[in-house]
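S.K.: Sharing a structure, written as structure tokens. Questions coming.
Every number in this text was worked out from the coordinates using simple rules, so none of it is lab data. In this text, all values refer to a predicted model and were calculated from it rather than measured experimentally. Using ideal geometry, Cβ is built from the backbone for each residue, glycine included, and neighbour counts are taken over all protein chains shown.
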Amino acid sequence: MAFPPIVTATIQSAILAATSNLLAQSLTAYQNETALIIDWVPVFQFVLYAFINVPPNFLWQESLESAFPAYHMSPTSTAVTSAAANDEKALEQEAKEGKLVESKLNIANTAVKMILDQTVGAVANTFLFSLFIHSIQEAMVRPIDAPLSHPDKSVQYLLSRGAISYSNVDWTGVVARSRAEFYPILVAGWKIWPIVSLINFAFIKSIEGRNLVGSLAGVGWGVYMSLVAAR
């Protein structure tokens with residue numbers, strides 16, 4: 001059964017989000033020279049964020065493409081030459097061969113989409129991620145008597161009653177922390193995401209393809225964000 005593109009994109013991103021967090025945990029264990037004990041709680045948190053974040057971002061990308069199409073139809077160079085020479089036979093032949101027009105990248109539209117994606121989109125995604133991760137971390141504070149000595153411990157916690165309780169969240173503190181780390185994360189993102197956006201908008205025509213490219217690039221970014229979230 002084929003899923004709608006937005007569902008496929010969300011599932012792909014969730015899998016890659018889990019992968020990035022597991023890689024971050026492995027990296028942390030390696031750096032600290034400790035045994036790797038997989039903690040499924042942050043994995044769950046990052047997967048949950050993917051399910052919440054990807055659909056609106058998919059629709060955002062669709063709206064950008066609808067408002068500023070990446071490609072437009074333009075006469076081919078051979079058609080222009082034939083028209084300039086008033087060569088009707090050549091034009092007829094090119095029409096039969098489908099060589100009268102071709103799809104060309106709209107540079108102006110691509111630039112506009114990149115600017116909007118790296119300003120409006122980046123600002124919203126950066127701040128919302130911080131709000132989400134800090135709030136869910138406070139909503140999922142482990143009891144003191146539930147140390148992480150084995151991966152099963154984190155699974156037991158996730159399945160326990162009241163594992164998530166937003167009544168524990170200090171929203172004033174969450175917003176303050178989100179504001180404090182906003183610019184460092186935004187600037188860090190500007191070192192990689194403009195390149196990803198350029199590749200997407202200039203070379204990848206489908207929204208599903210763009211989401212996949214973004215998700216693959218997001219594995220490395222997810223490792224960075226997992227390390228930030230674990231501080």
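S.K.: Just to check I understand the Karplus step: with θ = phi - 60° and J = 6.51 cos²θ - 1.76 cosθ + 1.60, what whole-Hz values come out for segment 193-198, glycine and proline as x?
M.R.: Taking θ as phi minus 60°, the curve returns 5, x, 5, 4, 4, 4 Hz for segment 193-198.
S.K.: Quick one: order Y157, Y71 by neighbouring beta-carbon count within 10 Å, fewest to most.
M.R.: Lowest count first: Y71, Y157.
S.K.: Just to confirm a number: summing +1 for Lys and Arg and -1 for Asp and Glu over residues other than E138 whose beta-carbon lies under 11 angstrom from that of E138, what do you get?
M.R.: Around E138, the surrounding residues sum to 0.
S.K.: Give me, ordered by chain and number, the residues 5 or more places off Y71 or on other chains with an amide H under 5 Å from its own placed amide H.
M.R.: N106
S.K.: What list of ³J(HN,Hα) couplings, whole Hz, do you get for segment 41-58 from phi and the Karplus terms 6.51, -1.76, 1.60, once you set θ to phi - 60° and write x for glycine and proline?
M.R.: Taking θ as phi minus 60°, the curve returns 5, x, 4, 4, 5, 6, 5, 4, 4, 4, 5, 7, 8, 5, x, x, 5, 4 Hz for segment 41-58.
S.K.: Then there is this: Tell me the net charge near I37. Cut-off is 15 Å between Cβ atoms, I37 excluded, with +1 for each Lys or Arg and -1 for each Asp or Glu.
M.R.: Taking every Cβ under 15 Å from that of I37, the sum is -1.
S.K.: For segment 199-215, take each phi angle, set θ = phi - 60°, evaluate the Karplus expression 6.51 cos²θ - 1.76 cosθ + 1.60, and give the result in whole Hz per residue in order, putting x for glycine and proline.
M.R.: 4, 5, 6, 8, 10, 9, 8, 8, 5, 5, x, 5, 5, 5, 4, x, 5
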